[in-house]
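Undergrad: The structure under discussion is supplied below as structure tokens; questions concerning it will follow.
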Amino acid sequence: MRGFFQYTLDLFDTLALVDSARAAPETIAPTTPVVPGAFVAQPTPGVGHKLAQPLSQAIMPAAFTHPRANRELRLGDATVGYLFQRAKRRTIGFVVGPDGLVVRAPKWTPVVEVEAALREKSQWITRKLGESRERQARQHEARIEWRDGVVLPLFGDSIQVVLDPSHNFGAVGAQLDGVASQTTGDDGAIAPRALHVGLPKTATSEQIRDAVQAWLMRQAREHFLQRLDHFAPLLQVQWRKLSLSSAGTRWGSARTDGAIRLNWRLVHFRPAVIDYVVAHELSHLRVMDHSARFWDTVRSVVPDYAQLRGQLKDDAIPKW
């Protein structure tokens, strides 16, 4: 079908390790497949028989449209509007991102060849587009409403922001209760620990967000330092500098000079997931690629790294 042309499948994770050669795909729900068969309306007395209508026509097909789409194609039971670009490359590239499908092809590749490649991978494309849509829906639901009483995940548990205008605590900016409350809600769950923030009840959402973010970044740095110092001797490497990142698409990076960058928003995950990212970056100080030797290095200190790596993709963290 492809003749002498080939194509590649490029896929970028919404939030992936900066130096990962195997970026994880956006996660969104697969399009529900149409059940084969035909829908036939029953005859009505005095009206006569209605023509049989295929079920795929009776059900409204899924539609995915890139905001800058310049071409459209029916792929299976879905209509896909995609951004088509000519590029200096030797193969056809498919990129499923938050905005939708982007297709890049060499200048000499006929459009009919591009569409043939798209049809051949139609199930893969529509599944990834569906997964991307679902992921964005989860992230939207996780969007934080910055107010007194908002609940946030911290190291796998929950904390609740409590505005404390008296600032009756010794820490700078905010302070977390020492233990979780033993009171329970209607569902029997233990109430989250309270994060007292030294702001008046009239504080704006931006003021609350900035105060909480500053506190979370301090917690992130302290935790990251502890875990770097834990894993570095086990991996027989030496890191030299830690920087916090706010990148929207990367969890971390490592340089040959021992500089490590970690995304502070990792504090929303449970410690085991953070350990995987820390071990991943430290392992690059021994192997600066993603060869089998690199993954063996990661596995030597985090045996279940594959499962933990998947949680970076599957878990919906708060949208900042």
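Undergrad: Mind listing just one residue for me: the one in the range 139-197 that is modelled with pLDDT of 70 or more and over 24 Å from Q207 (Cβ atoms) and, of those, least open to solvent (accessible area, probe 1.4 Å)?
TA: Out of the qualifying residues, it is A191.
Undergrad: Is it the case that W124 is part of a loop (DSSP other than H, G, I, E, B), among the hydrophobic types (A, V, I, L, M, F, W, C) and at pLDDT 90 or above?
TA: Judged against the criteria, W124 is not a match.
Undergrad: Determine if the range 225-242 includes at least one residue that is part of a strand (DSSP E or B) and open to solvent by 10 Å² or more (accessible area, probe 1.4 Å).
TA: Yes - at least one qualifying residue is present in the range 225-242.
Undergrad: How many residues are modelled with pLDDT of 95 or more, open to solvent by 10 Å² or more (accessible area, probe 1.4 Å) and not in a helix (DSSP H, G or I) if we restrict to the range 258-282?
TA: Residues in the range 258-282 being modelled with pLDDT of 95 or more, open to solvent by 10 Å² or more (accessible area, probe 1.4 Å) and not in a helix (DSSP H, G or I): 2 in total.
Undergrad: Do we find a residue being outside any strand (DSSP E or B), within 19 Å of K313 (Cα to Cα), open to solvent by 30 Å² or more (accessible area, probe 1.4 Å) and at pLDDT below 95 anywhere in the range 76-96?
TA: no
Undergrad: Can you tell me which of (1) among the hydrophobic types (A, V, I, L, M, F, W, C); (2) at pLDDT below 90; (3) under 16 Å from F155 (Cα atoms) is the one A247 doesn't meet?
TA: Unmet condition: (3).
Undergrad: Can you name every residue in the range 151-178 that is touching a residue at least 40 places away in the same chain (Cβ under 8 Å) and in a loop (DSSP other than H, G, I, E, B)?
TA: F155, G156, G173
Undergrad: Follow-up. Of (1) over 25 Å from the mean Cα position of the chain (by Cα); (2) in contact (Cβ under 8 Å) with a residue 24 or more places away in the chain; (3) not in a helix (DSSP H, G or I), H290 satisfies all except one. Which?
TA: So H290 meets the others, but not (1).
Undergrad: Can you name every residue in the range 99-114 that is in a helix (DSSP H, G or I) and buried (at least 16 other Cβ atoms within 10 Å of the Cβ)?
TA: E113, V114 - these are the residues of the range 99-114 that are in a helix (DSSP H, G or I) and buried (at least 16 other Cβ atoms within 10 Å of the Cβ).
Undergrad: Among the residues of the range 200-224, what is the count of those that are in a helix (DSSP H, G or I) and free of Cβ contacts under 8 Å to residues at least 40 places away in the same chain?
TA: Final tally of qualifying residues: 5.
The values are calculated or read from the model by the stated rules, or taken from the named source; none is laboratory data. None of these values were measured; they are calculated from a predicted model. Heads up, the Cβs are rebuilt from the backbone with ideal geometry, glycines too, and the neighbour counts pull from every protein chain shown. Surface areas here come from the heavy atoms of the whole protein model, side chains and all, with no ligands, DNA or RNA. Shrake-Rupley method; radii C 1.70, N 1.55, O 1.52, S 1.80 Å.
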